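Worksheet for the structure shown next.
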Amino acid sequence: MKIGVDAYYLYAGHIDGLGNFLLRLLVQLSRIESDHEYYLYTPGISHTEQADIIFRNPRFHLREINGMFRGKRRLWLQSPSLRSAIIRDHVELFFAGAEYFPLLLPRSVTVATTVHDVAFKAMPEAISLTNTIFYNVLFPFFVKRSDYFFTVSQHSKNEMVNYLHINPDRITVIHNGIDLLEFTPSGKKEKYLLFVGTLQPRKNLVNIIRAFSLIADRISDTFVIVGGSGWKNSPISELIESLDKPVRDRIMFKGYVDGDELASLYSRARLFVLPSLHEGFCLPILEAMASGTAVLTAPSTAIPEVFGDAVEYADPQSPEDIAAKMQGLISDAGKRVRLQKKGLLLSKKYDVRAQAAGYLAAFNSIATARGATPRRS
């Protein structure tokens, strides 16, 4: 079967969670023998390391499409030149790993879409204006056009059924995965707490900073914050400005970080802190666990389903509880070590090889079903 793929993230400057998900999956799929031909559509190549691995497989074909709005992925996907290229390549299945795809594809092209979470419905107050418009005005058309859906947890599947009214028979759960060789324990811990995530409301950074400020005079750790700027961030800036200078000076914003530098930050952190308000899976928690770092998070949405008792939980709405759990883990080295061991063991379950095998099995099923009309809700 000829499979077209939105490979825009081979071109994108900063790789967010969706980009990491897709590039890791494509790299691993390229390492698996199969009869499918993959056509990867992108405005260009910025991430040469991943591209070099992917295109070693002769069944993976690069299609560079300049298109309109190449700096805006969701708009670029609607480029007439992209649609024409997909038709010209006789693509039978288009895989939209990051929720959007060329909407005007011919009906002869089957579409399979990965929806990572439904936070725009579950937490509308935490969504940017641009995303609110896209998700509420345009996304229903993409849901209607898709033939099959993937998602990353049972929680997200339930939300897709409840909020988007998708027939559950059309949704396949395939857990996220990482390349475990990218994230390894260093054996040496340093006195800092780590947060990794886009700076946006549902990551709950305001309450985490408040929690840090409550115990700053009782611990010697700094707080390192990694992530690109997202939206609705003024409360973070206002809170930082309100803190006493000695506390403020121990909070470090490093911005966007990836690759070896990010892996090193994970492995050397004394504690990873992300009591998020809503997650479909949460790759940073998995990356921290695979790096041998204890995790403090929240018992919300998909997190307990995915990570179970391998993490410590705090009430995400209570800075006081987050602070108490932070201090408790900092002071209890034995508990941190127990969580590190549990996390390392659990992380092996979420190897990207298992994720890729799940997607390949789903593609094979779709190939078998081609010629019949896919079931709709």
To the nearest 20 Debye, how big is the dipole of the chain about its Cα centre, given +1 on the beta carbon of each Lys and Arg and -1 on that of each Asp and Glu? 440 debye
Charge dipole (debye, nearest 20) of segment 193-336; +1 at Cβ of Lys and Arg, -1 at Cβ of Asp and Glu: 200 debye
Give me the distance between the Cα centres of segment 251-288 and segment 16-64, rounded to whole Å. 25 Å
Taking a ≥ b ≥ c as the square roots of the Cα gyration tensor eigenvalues, with a/c under 1.5 meaning rounded and otherwise prolate when a/b beats b/c or oblate if not, segment 296-352 comes out oblate
Taking a ≥ b ≥ c as the square roots of the Cα gyration tensor eigenvalues, with a/c under 1.5 meaning rounded and otherwise prolate when a/b beats b/c, else oblate, which class fits segment 154-238? oblate
Rounded, prolate or oblate for segment 47-108? Axes are the square roots of the Cα gyration tensor eigenvalues, ordered a ≥ b ≥ c, and the cut-off for rounded is a/c under 1.5. oblate
If you build the convex hull over the alpha carbons only and average its shadow over all orientations, what do you get for segment 157-314? Give it in nm² to one decimal. 10.3 nm²
Work the Kirkwood hydrodynamic radius out for segment 1-147: mean of 1/r over every pair of different alpha-carbon atoms, inverted, in Å. 15.7 Å
Expressed per residue, the solvent accessible area of the chain in Å² (1.4 Å probe) is about 42 Å²
Ignoring any ligand, DNA or RNA, what whole percent of the accessible area of the chain comes from carbon and sulfur when the probe is 1.4 angstrom? 53 percent
In segment 276-360, GluC sites (Glu not before Pro) in a DSSP loop with at most 11 other beta-carbon atoms within 10 Å: none
Heavy-atom accessible area with a 1.4 angstrom probe orders K2, K157, most exposed first, as K2, K157
Translational diffusion of the chain, µm² s⁻¹ [Kirkwood Rh, Cα pairs; Stokes-Einstein; 20 °C; 1.002 mPa s]: 99 µm²/s
Could you tell me the distance between the Cα centroids of segment 144-208 and segment 66-90, to the nearest Å? 27 Å
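The values are calculated or read from the model by the stated rules, or taken from the named source; none is laboratory data. This is a predicted model, so every value here is computed, not measured. Every residue, glycine as well, gets a Cβ built from its backbone with ideal geometry; the counts of neighbours run over all protein chains shown. Note: accessible area is taken over every heavy atom of the protein model, side chains too, but ligands, DNA and RNA are not part of it. Shrake-Rupley method; radii C 1.70, N 1.55, O 1.52, S 1.80 Å.
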